[in-house]
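Since the structure comes first, as C-alpha cells, the remarks are kept for the end.
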Amino acid sequence: MPKVTELIINGQRSSVDVQPDVPLLSVLRDYLDLTGTKYGCGEGRCGACSVIIDGQLTRSCVTPVAKAAGKNITTIEGLAKEGKLHPLQEAFIKADAMQCAYCTSGMIVAASALLNRNAHPTREEIVGFMNVNVCRCGVYQRIVEAIQIAANTGSAE
C-alpha cells in the first residue's frame, strides 16, 4: 500500500503517494516532472542522478524516497534563482563544458555541493571531488575549467 511522503524540493513542499522504497529519482522524474535529474547507471556510480539532500551530494537513483522525506532536496531546477542562471550554469556554458550534455545536470549539482563546502577549491580538490561523476564524452578538462570559473566569479549559493 502506498504511503504519502512529504518532500521539500527546491524550497517547495510536495506530497507523493508512493511506496517508501521507490527511488527518489523516479519520484522526481515520474511524479513531480522534475526531469533535469537524469537516469544513468541505476547503481549510484555515474552521478547523472545527483541531487543535494541537506547539503550532502546524493545519488537519487539508489536513495529510497522515504530516506529523503522531510529533508531539503536541491535538484538542477532549484539552482537558478529569480530567472537567473546559477554561476555554475553560466560557467558551464562559458567553458563549453558539455558535449552530449547528458551528465551536465549531475555535474553542475555535484560542483554546487563542492562549492558550498569550499568556495575556492584548488584544481586538485575539484578533480578529487568530481572524480565520482562520469562524462562519457570525456570533457573533463572543460568541466574543471567551468568549476574554476564559477569559483572565481560567483558564489556557490
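A few notes on this one:
- Positions within the stretch 36-68 being among the charged types (D, E, K, R) and in a strand (DSSP E or B), in sequence order: R59
- Taking the criterion of being in contact with a Gly (Cβ under 9 Å, 6 or more places away or on another chain) and either outside any strand (DSSP E or B) or farther than 16 Å from C61 by Cβ (or both), the residues of the stretch 10-28 that qualify are N10, G11, Q12, L25, L28.
- Residue within the stretch 21-44 that is over 30 Å from V139 (Cα atoms), among the acidic types (D, E) and at pLDDT 95 or above present: yes
- Candidates are the residues of the stretch 52-78 that are touching a helix residue (DSSP H, G or I) at 6+ places or on another chain (Cβ under 6 Å) and over 20 Å from Y140 (Cα atoms); the one that is surrounded by the most Cβ atoms within 10 Å (Cβ to Cβ) is S60.
- If the condition is being of a type outside the set (S, T, Y) and free of Cβ contacts under 8 Å to residues at least 40 places away in the same chain, then the stretch 87-113 contributes Q89, I93, C100, A101, I108, A111.
- Residue count for the stretch 132-157 satisfying the condition of being part of a loop (DSSP other than H, G, I, E, B), under 24 Å from G44 (Cα atoms) and charged (D, E, K, R): 1.
- Whichever residue in the stretch 81-131 is in a loop (DSSP other than H, G, I, E, B) and in contact with an Asp or Glu (Cβ under 8 Å, 6 or more places away or on another chain) and, among such residues, is most open to solvent (accessible area, probe 1.4 Å): N118
- The number of residues in the stretch 1-43 that are buried (at least 18 other Cβ atoms within 10 Å of the Cβ) and either of a type in the set (K, R) or touching a Cys at 6+ places or on another chain (Cβ under 9 Å) (or both) comes to 8.
- Residue count for the stretch 69-80, restricted to those that are in contact (Cβ under 8 Å) with a residue 12 or more places away in the chain, in a loop (DSSP other than H, G, I, E, B) and of a type in the set (G, A, S): 2.
The values are calculated or read from the model by the stated rules, or taken from the named source; none is laboratory data. Every value quoted in this text rests on a predicted model; they were computed, and no experiment measured them. As a convention, Cβ positions derive from the backbone with ideal geometry for all residues, glycine included, and neighbour counts pool all protein chains shown. SASA here: full protein model, heavy atoms, side chains in, ligands and nucleic acids out. Shrake-Rupley method; radii C 1.70, N 1.55, O 1.52, S 1.80 Å.
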